[in-house]
Amino acid sequence: MSKLIAPSVLAADFGNLQRDCEMLNRSDADWFHIDIMDGVFVPNISYGMPVLDAITKHATKTIDTHLMIVDPDRYVKTFADLGCDILTVHFEACTHLHRTIQNIKANGMKAGVALNPHTSVDHLKDTIKDIDLVLIMSVNPGFGGQSFIENTYDKVKELKALIESKGASCLIEVDGGVTDKNAKQLIDAGADVLVAGSYVFKSADQEKTIKELRALANS
């Protein structure tokens with residue numbers, strides 16, 4: 001399977017959101033990565049349902065939504081109704097993770113689980129076969145533009161080993177500080193999906209940056 005690039009819309013120009021969505025549609029990007037923050041689970045607030053609704057109206061690719069919120073179960077059906085294809089919740093925000101995973105799948109979406117930098121992959125050993133995607137945070141969640149945490153490579157390798165040992169088939173996604181400087185090393189460690197926000201949207205030629213990042217990931 002080819003490796004995937006999922007630009008984070010959090011870094012887009014919100015004054016020109018339709019323009020940036022159309023750019024992603026034209027580009028070599030595979031997914032739209034959407035970060036939802038509540039100001040409680042993380043110290044920041046991003047955008048809510050109306051903005052997500054606007055994005056899904058223009059997007060023609062997979063909607064990969066990452067919830068950085070407390071009590072995500074309350075909103076699972078809402079995000080399904082808004083057109084999300086993948087819904088990722090944080091391990092740290094779920095009291096009953098297995099139940100949440102089943103709820104996401106029952107609403108017709110693929111289920112993802114995100115891990116903060118300090119959270120061990122071992123916590124997923126009992127649910128890994130039920131999960132479609134594991135999101136490894138390579139920065140502390142809540143803000144874009146942070147520096148990449150070097151321990152991420154080892155964590156991705158540990159997760160890959162867990163997936164293989166359990167006979168699971170979930171994808172490994174990495175989010176935070178991804179650039180051309182670490183993309184290949186992350187793929188070599190076992191990553192399948194790379195999320196890139198500031199690196200893409202702050203570049204002079206966004207489509208070219210996405211194309212080069214995708215080529216690097218699949219080299």
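The values are calculated or read from the model by the stated rules, or taken from the named source; none is laboratory data. Predicted model only: the values in this text are computed from it and were never measured. Note: ideal-geometry Cβ built from the backbone for every residue, glycine included; neighbour counts use all protein chains shown.
Go through the stretch 178-219 and count every residue that is more than 16 Å from D28 (Cβ to Cβ) and of a type in the set (G, A, S).
Residues flagged as more than 16 Å from D28 (Cβ to Cβ) and of a type in the set (G, A, S) within the stretch 178-219 amount to 6.
How about the stretch 2-19: which of its residues are in a loop (DSSP other than H, G, I, E, B) and either surrounded by fewer than 19 Cβ atoms within 10 Å (Cβ to Cβ) or under 11 Å from the mean Cα position of the chain (by Cα) (or both)?
S2, D13
Quick one: how many residues across the stretch 70-99 are within 22 Å of Y47 (Cα to Cα) and touching a residue at least 24 places away in the same chain (Cβ under 8 Å)?
20
Could you check, for the stretch 116-127, whether at least one of its residues is of a type in the set (V, I, T), within 14 Å of V156 (Cβ to Cβ) and in a helix (DSSP H, G or I)?
Yes; the residues of the stretch 116-127 include at least one that is of a type in the set (V, I, T), within 14 Å of V156 (Cβ to Cβ) and in a helix (DSSP H, G or I).
Name the helices (runs of 4 or more DSSP H) wholly inside the stretch 34-108 in which the number of residues that are touching a Gly at 6+ places or on another chain (Cβ under 9 Å) is 3 or more.
It comes to 49-58.
Residues H96, H123: which one is surrounded by fewer than 21 Cβ atoms within 10 Å (Cβ to Cβ), of a type outside the set (S, T, N, Q) and in contact with a Phe, Trp or Tyr (Cβ under 8 Å, 6 or more places away or on another chain)?
H123
Go through the stretch 151-210 and report how many residues are surrounded by 15 or more Cβ atoms within 10 Å (Cβ to Cβ), basic (K, R) and within 23 Å of D35 (Cβ to Cβ).
Number satisfying all stated conditions: 1.
Going through the stretch 164-216 one residue at a time, which ones are modelled with pLDDT of 95 or more, in a helix (DSSP H, G or I), within 18 Å of S138 (Cβ to Cβ) and aliphatic (A, V, I, L, M)?
A183, L186, I187, A189, V200, L213
On the given criteria, is V139 at pLDDT 95 or above, under 18 Å from D35 (Cα atoms) and either acidic (D, E) or not in a helix (DSSP H, G or I) (or both)?
For V139, the condition - at pLDDT 95 or above, under 18 Å from D35 (Cα atoms) and either acidic (D, E) or not in a helix (DSSP H, G or I) (or both) - is not met.
What number of residues within the stretch 75-129 satisfy the criterion of being farther than 24 Å from A6 by Cα and hydrophobic (A, V, I, L, M, F, W, C)?
Count: 3.
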